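The values are calculated or read from the model by the stated rules, or taken from the named source; none is laboratory data. Note that the coordinates shown come from a computational prediction; the quantities given were computed from them, not determined experimentally. As a convention, Cβ positions derive from the backbone with ideal geometry for all residues, glycine included, and neighbour counts pool all protein chains shown. Accessible surface areas use protein heavy atoms only, side chains included; no ligands, DNA or RNA. Shrake-Rupley method; radii C 1.70, N 1.55, O 1.52, S 1.80 Å.
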Amino acid sequence: MTTPGAQRRVLVVEDDPTIVEAIAARLRAEGFLVQTAADGPAAVETATAWHPDLLILDVMLPGFDGLEVCRRVQAQRPVPVLMLTARDDETDMLVGLGVGADDYMTKPFSMRELVARSHVLLRRIERAAVAATTPRPGSVRLGDLEIDRTQRRVRAAGKDIHLTPTEFDLLMCLARSPRAVLTREQLLAEVWDWADASGTRTVDSHVKALRRKIGAERIRTVHGVGYALETPPGFAGETPARPQAANEV
């Protein structure tokens, strides 16, 4: 992580010269330090040497694809990743989230939105660093789901579950109001700090990725509204239903 006040470093990995130049120019105008790479091997080499604060990464690349770049970079050090895809294919998006990407955008996209999402990802890293030094309750337990906020670790049914930073933040957001239905717009605003309804599909894809890891039954969909984290009977002061006696009606 860079020191406070330092310029943020962004590595843009894209093999289309027109797109990469446009992104780099816009980010530099916003005050970022920017380097670019046009293929998978160059991206990993630059990330290793330059230590970017954010990676903007196209999926389709020469050499090896963006998913492999993401795996290799994340294996070296955690860094927020915004993936770009030319296909509006949810499978690709879920795979990207599974290898450590934090967010995705489908081409064509607006530069304004790309810059906004870049700022959001970087702010999340800053908030996480502050939270790590702030005393708070260590864990939340919802039945056999345990969320350790201090170490940002999750266990479900006795097994460790690896979540991306965004998946963890999404789970914590739902866990703060168990059984309450949160709209996609609420989740987008709180987790991504992004209030534009055009990003609600991002929420849906992250929820699907989270379900695959912690169990689909733990997150309830309220069609047309949003999502709720299911909890076992008796949680949060609720009393489980009492078995009815034989002489009761």
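Of all the residues that make up the range 51-68, how many are within 13 Å of residue 95 (Cα to Cα), touching a strand residue (DSSP E or B) at 6+ places or on another chain (Cβ under 7 Å) and not small (Gly, Ala, Ser)?
1
Give all pairs with beta carbons closer than 9 Å in which a residue from the range 149-173 that is without any contact (Cβ under 8 Å) to a residue 24 or more places away in the chain and basic (Lys, Arg) meets a residue that is part of a strand (DSSP E or B) and surrounded by 20 or more Cβ atoms within 10 Å (Cβ to Cβ); count only pairs at least 6 apart in sequence or on separate chains.
Sorted first by the residue in the range 149-173, then by its partner, the pairs are 153/147; 155/145; 155/147.
For the range 123-148, enumerate the residues that are modelled with pLDDT of 75 or more, touching a strand residue (DSSP E or B) at 6+ places or on another chain (Cβ under 9 Å) and surrounded by fewer than 18 Cβ atoms within 10 Å (Cβ to Cβ).
139, 140, 141, 144, 146, 148
Check the range 56-75 and report whether any residue there is closer than 24 Å to residue 189 by Cα and of a type outside the set (S, T, N, Q).
Initially, the range 56-75 is screened for residues closer than 24 Å to residue 189 by Cα, giving 56-57.
Pick out the ones that are also of a type outside the set (S, T, N, Q) and you get 56-57.
Yes, the range 56-75 contains at least one residue that is closer than 24 Å to residue 189 by Cα and of a type outside the set (S, T, N, Q).
What's the total number of residues in the range 205-219 that are without any contact (Cβ under 8 Å) to a residue 24 or more places away in the chain and surrounded by fewer than 15 Cβ atoms within 10 Å (Cβ to Cβ)? Talk me through it step by step, then tell me what you get.
Initial filter on the range 205-219 (without any contact (Cβ under 8 Å) to a residue 24 or more places away in the chain): 211, 216-217.
Filter once more, keeping what is surrounded by fewer than 15 Cβ atoms within 10 Å (Cβ to Cβ): 216-217.
So the answer is 2.
Can you name the number of the only condition in (1) at pLDDT below 95; (2) among the aliphatic types (A, V, I, L, M); (3) open to solvent by less than 30 Å² (accessible area, probe 1.4 Å) that residue 229 fails?
Condition not satisfied by residue 229: (1).
Output the residues belonging to the range 25-53 that are of a type in the set (Gly, Ala, Ser) and more than 23 Å from the chain's Cα centre (by Cα). Let's see the steps before the verdict.
First, pick out the residues of the range 25-53 that are of a type in the set (Gly, Ala, Ser): 25, 29, 31, 37-38, 40, 42-43, 47, 49.
25, 29, 31, 37, 38, 42, 49 - these are the residues of the range 25-53 that are of a type in the set (Gly, Ala, Ser) and more than 23 Å from the chain's Cα centre (by Cα).
Regarding the range 156-169, can at least one residue be identified that is touching a Gly at 6+ places or on another chain (Cβ under 9 Å), among the basic types (Lys, Arg) and open to solvent by 10 Å² or more (accessible area, probe 1.4 Å)?
Looking for residues that are touching a Gly at 6+ places or on another chain (Cβ under 9 Å), among the basic types (Lys, Arg) and open to solvent by 10 Å² or more (accessible area, probe 1.4 Å), one finds none in the range 156-169, hence no.
Which pairs do you get when a residue that is at pLDDT 95 or above, found in the range 1-23, comes within reach of a residue that is among the aromatic types (Phe, Trp, Tyr), reach meaning Cβ atoms under 6 angstrom, with the pair 6+ apart or on two chains?
What qualifies is 10/32.
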